[in-house]
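Student: Below you'll find the structure I mean.
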Amino acid sequence: MAVAHRIYAEALFGAAKDAGKLAEVHEALTDFAVALAESPELRAVLRNPQLESKAKSAILADLAGDEEPLFTHFLQVTAEKGRAAELEEIAKEFERLMAREERRLTVELTTARELTDTEAKAILKQIEDAAGRKVEATTSCCSRTSSRSWRRRGARGSSRRSRRSSSG
C-alpha cells in the first residue's frame, strides 16, 4: 500500500508543480489532513466500505468547496479510485516530497538536559551548515524521571555489590 500512497502523492505533486500551484496545493492538503485527523466521523465515512466511491467523491468535493481546483479534483479522483481512506498517508508522503523539494531536513533534537533557545539555535545552525539544507526541528529532553531511574538502578546495584563483597 505504501507504493500507492507514493504514486498518488507524486501525481498530485507533479501536477501542482507543473501548474505552478505547489504552495497552494500543499496548503490545501495540509489543512485537509489536519481536519481529517481531528474528525473521527470523516475518517469513518471515508473508510466505510458500504459507501460508494462516487458518494465519497461528492462528500470530498463539498468539503473542499472553493479550495484550489486541482486539489479538489485530486480528492475526487482519489475517492473514485477507492483510495479515500488512504488520504492521510498520501498527505504524509506529499509532505516528504515537499520537504525534498524545499531542501528541508526534519530532525528531532534530543538532549540530556534542557537547552536554552540560544543553544538550540546554535546546534540547528551547525546542522544546517553541515547539511546545506533548511532544518526544521523538534526538541526534547530526556525526562528527569529517566535520570532518576538510572540513578536509582545504579544505587541499587551499588548496594548489592557492597552486600556481596561484605559476605564474601
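The values are calculated or read from the model by the stated rules, or taken from the named source; none is laboratory data. For clarity, every value in this text was computed on a predicted model and none was experimentally measured. Glycine also receives a Cβ, built like all others from the backbone with ideal geometry; neighbour counts cover every protein chain displayed.
Student: Assess whether residue 55 counts as being touching a residue at least 40 places away in the same chain (Cβ under 8 Å), farther than 16 Å from residue 8 by Cα and not aromatic (Phe, Trp, Tyr).
Tutor: For residue 55, the condition - touching a residue at least 40 places away in the same chain (Cβ under 8 Å), farther than 16 Å from residue 8 by Cα and not aromatic (Phe, Trp, Tyr) - is not met.
Student: Here's a follow-up. From the residues in the range 79-99 that are of a type outside the set (A, V, I, L, M, F, W, C) and within 15 Å of residue 36 (Cα to Cα), which one is surrounded by the fewest Cβ atoms within 10 Å (Cβ to Cβ)?
Tutor: Of everything passing the filter in the range 79-99, 92 is surrounded by the fewest Cβ atoms within 10 Å (Cβ to Cβ).
Yes/no per residue for (1) crowded, with 16+ Cβ neighbours inside 10 Å; (2) at pLDDT 95 or above; (3) outside any helix (DSSP H, G or I):
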site: 30; (1), (2), (3): no, no, no
site: 34; (1), (2), (3): no, no, no
site: 51; (1), (2), (3): no, no, yes
site: 57; (1), (2), (3): yes, no, no
site: 62; (1), (2), (3): no, no, no
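Student: Same structure again: With 41, 24, 86 as the choices, which residue is within 16 Å of the chain's Cα centre (by Cα), modelled with pLDDT of 90 or more and assigned to a helix (DSSP H, G or I)?
Tutor: Result: 86 is the single residue among 41, 24, 86 that is within 16 Å of the chain's Cα centre (by Cα), modelled with pLDDT of 90 or more and assigned to a helix (DSSP H, G or I).
Student: State yes or no: is residue 83 charged (D, E, K, R) and in contact (Cβ under 8 Å) with a residue 60 or more places away in the chain?
Tutor: Yes: the conditions hold for residue 83.
Student: If residue 108 satisfies every condition in (1) in the same structural domain as residue 17 (by TED's automatic domain parsing); (2) within 16 Å of the chain's Cα centre (by Cα) but one, which is the exception?
Tutor: In the conditions (1) in the same structural domain as residue 17 (by TED's automatic domain parsing); (2) within 16 Å of the chain's Cα centre (by Cα), residue 108 misses (1) alone.
Student: I've got another one for you. Of the residues that sit in the range 1-21 and are aliphatic (A, V, I, L, M) and outside any helix (DSSP H, G or I), which one is surrounded by the fewest Cβ atoms within 10 Å (Cβ to Cβ)?
Tutor: Among those that are aliphatic (A, V, I, L, M) and outside any helix (DSSP H, G or I), it is 1.
Student: Starting from residues that are closer than 9 Å to residue 107 by Cβ and under 20 Å from the mean Cα position of the chain (by Cα), keep the ones in the range 122-147 and report whichever is modelled with the highest pLDDT.
Tutor: 124
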